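A.B. asks: This is the structure, below, for whatever I ask next.
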């Protein structure tokens, strides 16, 4: 298993990094769309659809929605990100109320609708952040990775209080605190690197904390869906690593929310000359 994980990571990591930071414009949108479409294939299974033809039809529908959004210039708009923010508030309620509120989302059509506000805004968020340059896309990717590493290290060594035992028994509140500490340090490093003013630095740290917590929710949401389906991985598309959704579950929450903060808070501060 370890050998297979290393082999997969050896070709996958350079490919993903080249796509995310070597492409822009339509090529970048197409690259990230392919990632989200693979996630859509897996989401269909998480929603309870197992027939290949039906899952393929859902992928085609998602691709058509992306194409329409691109043609009407909605692929870099704020409104899909607001949709994501509202959707993740609903997801938060369902995760914290699992399994008591399960009947509210367990029907296959409802899980498919859930996938729309999880996956489509993630693609839009990628486009928004790449359009702004590379800095903020790099930041949010590092944020998710730092949150995972901090949570794993602290949770493994000091984790005692369970975060969501009905959803993911291995996660602890101490792990969350470790993730918050790691991403706060990341925000401070970026603030110094970009020579941000005091107000901008404090705003970045606050935004980072909120997005870090949301990334944890992204992980928990997929865990809840997999628990309901009684499956370990979203698929076996990535040998040794499970599926695409297993790799981007935190990003589906963090990317759109950070992109929304960027459009509505950080970019206006830049325009107003707040050294951001």
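The values are calculated or read from the model by the stated rules, or taken from the named source; none is laboratory data. Computed from a predicted model, the values in this text were never measured in an experiment. Note that we place each Cβ from the backbone using ideal geometry, even for glycine, and neighbour counts take in every protein chain shown.
A.B. asks: Which condition from (1) assigned to a helix (DSSP H, G or I); (2) in contact with a helix residue (DSSP H, G or I) (Cβ under 9 Å, 6 or more places away or on another chain); (3) more than 24 Å from residue 26 (Cβ to Cβ) is the one that residue 58 breaks?
C.D. replies: Of everything listed in (1) assigned to a helix (DSSP H, G or I); (2) in contact with a helix residue (DSSP H, G or I) (Cβ under 9 Å, 6 or more places away or on another chain); (3) more than 24 Å from residue 26 (Cβ to Cβ), residue 58 misses just condition (3).
A.B. asks: Just checking, does region 73-94 include any residue being exposed (fewer than 15 other Cβ atoms within 10 Å of the Cβ) and over 21 Å from the mean Cα position of the chain (by Cα)?
C.D. replies: The initial filter retains those residues of region 73-94 that are exposed (fewer than 15 other Cβ atoms within 10 Å of the Cβ), namely 73, 79, 86, 89-90, 93.
Adding the requirement that they be over 21 Å from the mean Cα position of the chain (by Cα) leaves 73.
There is at least one residue in region 73-94 that is exposed (fewer than 15 other Cβ atoms within 10 Å of the Cβ) and over 21 Å from the mean Cα position of the chain (by Cα).
A.B. asks: Additional query: So for region 140-160 (the condition being touching a strand residue (DSSP E or B) at 6+ places or on another chain (Cβ under 7 Å), surrounded by 18 or more Cβ atoms within 10 Å (Cβ to Cβ) and touching a residue at least 60 places away in the same chain (Cβ under 8 Å)), does at least one residue qualify?
C.D. replies: no
A.B. asks: Check whether at least one residue in region 190-199 is touching a helix residue (DSSP H, G or I) at 6+ places or on another chain (Cβ under 7 Å) and modelled with pLDDT of 95 or more, and report yes or no.
C.D. replies: Scanning region 190-199 turns up at least one residue that is touching a helix residue (DSSP H, G or I) at 6+ places or on another chain (Cβ under 7 Å) and modelled with pLDDT of 95 or more.
A.B. asks: If you don't mind, there's one more thing I want to ask. Return the only residue of 214, 208 being farther than 18 Å from residue 248 by Cβ, touching a residue at least 12 places away in the same chain (Cβ under 8 Å), part of a helix (DSSP H, G or I) and touching a helix residue (DSSP H, G or I) at 6+ places or on another chain (Cβ under 7 Å).
C.D. replies: 208
A.B. asks: Then there's this: Any residue in region 35-47 that is assigned to a helix (DSSP H, G or I) and surrounded by fewer than 13 Cβ atoms within 10 Å (Cβ to Cβ)?
C.D. replies: No, the conditions are met nowhere in region 35-47.
A.B. asks: Take region 83-113 and flag every residue that is in contact (Cβ under 8 Å) with a residue 40 or more places away in the chain, closer than 22 Å to residue 211 by Cβ and in contact with a helix residue (DSSP H, G or I) (Cβ under 7 Å, 6 or more places away or on another chain).
C.D. replies: Selection gives 84, 85, 88, 91, 92, 94, 95.
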